[in-house]
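Some notes on the structure that comes next.
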Amino acid sequence: MDTDMIKQRYSLISPFLDERQRRLYLAAEAKAIGYGGVSTVSRATGVSRSAISAGYDDFNEAKEEKVSAGRIRREGGGRKKTVEMDITLKADLEALIDPVTRGDPESPLRWTCKSVRNLSDELNRMGHKTSHRMVAELLHEMDYSLQANRKTLEGESHPDRNVQFEFINERVKELQSMGQPVISVDTKKKELVGDFKNGGRELRPKGNPEKVRVHDFKIPALGRVAPYGVYDITHNIGWVNVGIDHDTAAFAVESIRRWWDSMGQVLYPDARHLMVTADGGGSNGYRIKLWKVELQKLANETGLSIQVSHFPPGTSKWNKIEHRLFAFISQNWRGKPLISHEVIVKLIAATTNRVGLKVACRLDTNAYPKAIKVSDEELAAVNIQRDSFHGEWNYTISPRTSLQ
């Protein structure tokens with residue numbers, strides 16, 4: 001018996017039927033099947049066997065004697081709602097959902113996935129008589145729905161946060177008006193390389209999803225990658241240096257160097273200054289000594305004075321690279337397992353958007369050891385000039401001449 005056809009017919013007609021008409025229709029389906037019809041129809045539609053059997057009774061009894069015109073049930077017929085008979089059911093359910101504010105903080109469901117089955121089991125242990133379907137209906141009536149966490153709390157914000165934003169904006173506009181390069185930099189989230197699940201969906205033949213590993217354990221031969229991005233704010237062009245070693249300050253500056261050598265000096269042949277906007281932490285954080293030492297090396301090599309402005313702690317999402325480059329890379333490779341370095345580089349390089357974003361990408365196979373110590377002498381050799389406004393966030397590193 002094709003239960004799918006029964007289910008499809010019922011889903012099409014049921015919205016137009018009242019309760020009694022549905023019973024009659026389902027009873028007719030069961031009668032047409034014959035022996036075992038009630039069970040078959042019940043499995044196909046999810047309607048209880050007793051409701052379908054009641055439809056049999058409607059066929060066999062004299063309806064005009066038992067049911068008044070226009071009525072669905074006999075007088076007094078129909079089961080009373082559970083919430084009418086169990087007046088504490090709703091309150092106990094709400095206490096289980098949010099035990100910190102409404103109920104016992106020691107509730108066993110405080111630390112448990114609050115599925116409707118777990119909720120109904122706990123309610124039954126409390127003395128109620130209910131099912132997971134009833135719990136689902138009650139939650140719908142109470143305007144509860146499944147919701148993910150939302151990142152909105154930034155923690156304690158710095159009192160000069162907005163002033164720093166304005167400072168960065170003014171400096172960016174000034175450099176752009178002079179035809180000087182302005183870049184936004186950061187490291188994208190590290191990614192495992194291999195046939196691992198990647199979030200999102202990708203078009204494939206129906207019933208043939210790409211098979212990936214069940215567990216996300218690093219494959220030693222492939223490891224992880226750290227894509228370091230450089231986003232040219234003026235030209236809407238991105239450069240991504242895909243590192244296979246540690247995400248250090250040396251790696252961050254090397255990424256900027258590679259951008260300048262392959263792209264920046266071509267776009268800005270008359271450049272004298274380079275402005276870098278970066279997060280306050282990570283490999284390009286304002287507290288990192290190696291970051292400043294490596295920038296000094298870059299300034300000496302290129303002859304550029306490098307102006308750096310860091311975003312205040314907890315405000316990294318305001319960095320242009322996050323929503324103008326990294327967001328589109330994530331969209332482009334969603335649902336695609338990052339099975340090799342070559343695949344990662346090609347997916348990043350193929351990223352674009354409707355406003356003309358272009359991205360270049362290269363693999364960086366260099367080693368970048370961690371925990372490199374910077375001596376006081378090395379730090380003192382950095383030709384740094386700090387701004388009067390938050391000099392820890394805003395500073396310029398100029399090239400050192402042989403006389404300095």
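The values are calculated or read from the model by the stated rules, or taken from the named source; none is laboratory data. Small disclaimer: the values here were computed from a predicted structure and weren't measured. Because the Cβ atoms are built from the backbone with ideal geometry, glycine has one as well, and the counts that use them run over all protein chains shown.
Checking K173, K206 one by one, the residue that is part of a loop (DSSP other than H, G, I, E, B), of a type in the set (K, R) and either farther than 29 Å from F389 by Cβ or modelled with pLDDT of 85 or more (or both) is K206 and no other.
Restricted to region 291-336, and to residues that are farther than 30 Å from A380 by Cα and among the charged types (D, E, K, R), which residue is modelled with the lowest pLDDT? Talk me through it step by step, then tell me what you get.
First pass over region 291-336, keeping only residues farther than 30 Å from A380 by Cα: 317-318, 320-336.
Checking the rest, the ones that are also among the charged types (D, E, K, R) come to 317, 320, 322, 324, 334, 336.
Working: K317: 83, K320: 92, E322: 93, R324: 93, R334: 89, K336: 89.
The selected residue is K317.
Looking at L267, L222, which one is touching a residue at least 12 places away in the same chain (Cβ under 8 Å), over 22 Å from Q164 (Cβ atoms), out of contact with any helix residue (DSSP H, G or I) (no Cβ under 9 Å at 6 or more places or on another chain) and hydrophobic (A, V, I, L, M, F, W, C)? Let's see the steps before the verdict.
Working: L222 fails: out of contact with any helix residue (DSSP H, G or I) (no Cβ under 9 Å at 6 or more places or on another chain).
That would be L267, the only listed residue that is touching a residue at least 12 places away in the same chain (Cβ under 8 Å), over 22 Å from Q164 (Cβ atoms), out of contact with any helix residue (DSSP H, G or I) (no Cβ under 9 Å at 6 or more places or on another chain) and hydrophobic (A, V, I, L, M, F, W, C).
The criterion of at least 3 residues that are in the same structural domain as G281 (by TED's automatic domain parsing), closer than 16 Å to V240 by Cβ and modelled with pLDDT of 95 or more is met, among strands (runs of 3 or more DSSP E) falling completely within region 337-404, by 358-364. Residues in region 336-348 that are surrounded by 14 or more Cβ atoms within 10 Å (Cβ to Cβ) and in contact (Cβ under 8 Å) with a residue 40 or more places away in the chain: K336, P337, L338, I339, H341, I344, V345, I348.
Within region 349-361, the set of residues being buried (at least 17 other Cβ atoms within 10 Å of the Cβ) and under 24 Å from P209 (Cβ atoms) comprises just one member, T351.
Here's the yes/no breakdown for (1) at positive phi; (2) modelled with pLDDT under 70; (3) hydrophobic (A, V, I, L, M, F, W, C); (4) not in a helix (DSSP H, G or I):
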{"position": "E94", "(1), (2), (3), (4)": "no, no, no, no"}
{"position": "E106", "(1), (2), (3), (4)": "no, yes, no, yes"}
{"position": "D121", "(1), (2), (3), (4)": "no, no, no, no"}
{"position": "L139", "(1), (2), (3), (4)": "no, no, yes, no"}
{"position": "N162", "(1), (2), (3), (4)": "no, no, no, no"}
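Please work out which residue is farthest from H341 (Cα to Cα), limiting yourself to region 170-215 and to residues that are polar (S, T, N, Q) and surrounded by fewer than 12 Cβ atoms within 10 Å (Cβ to Cβ).
Restricting attention to region 170-215, the residues satisfying the condition of being polar (S, T, N, Q) are 176-177, 180, 184, 187, 198, 208.
Among the residues that remain, those that are also surrounded by fewer than 12 Cβ atoms within 10 Å (Cβ to Cβ) are: 177, 208.
Values: S177: 39, N208: 25 Å.
Among them, the one singled out is S177.
Of all residues in region 275-324, those satisfying the criterion of being hydroxyl-bearing (S, T, Y), more than 16 Å from I233 (Cα to Cα) and either crowded, with 20+ Cβ neighbours inside 10 Å or not assigned by TED's automatic domain parsing to the domain that holds R257 (or both) are S283, Y286. Of note, G229 does not satisfy the criterion of being modelled with pLDDT of 95 or more, in the same structural domain as Y368 (by TED's automatic domain parsing) and in a loop (DSSP other than H, G, I, E, B).
Is it the case, given these coordinates, that G127 is among the small types (G, A, S), at pLDDT 90 or above and assigned to a loop (DSSP other than H, G, I, E, B)? No; evaluated as a whole, the condition is false for this residue. If the condition is being touching a helix residue (DSSP H, G or I) at 6+ places or on another chain (Cβ under 9 Å), among the hydrophobic types (A, V, I, L, M, F, W, C) and over 15 Å from D387 (Cβ atoms), then region 296-310 contributes L298, L304. When you scan region 278-293, how many residues do you find that are within 12 Å of S398 (Cα to Cα) and either out of contact with any Asp or Glu (no Cβ under 7 Å at 6 or more places or on another chain) or of a type in the set (D, E) (or both)? Total satisfying the criteria: 1.
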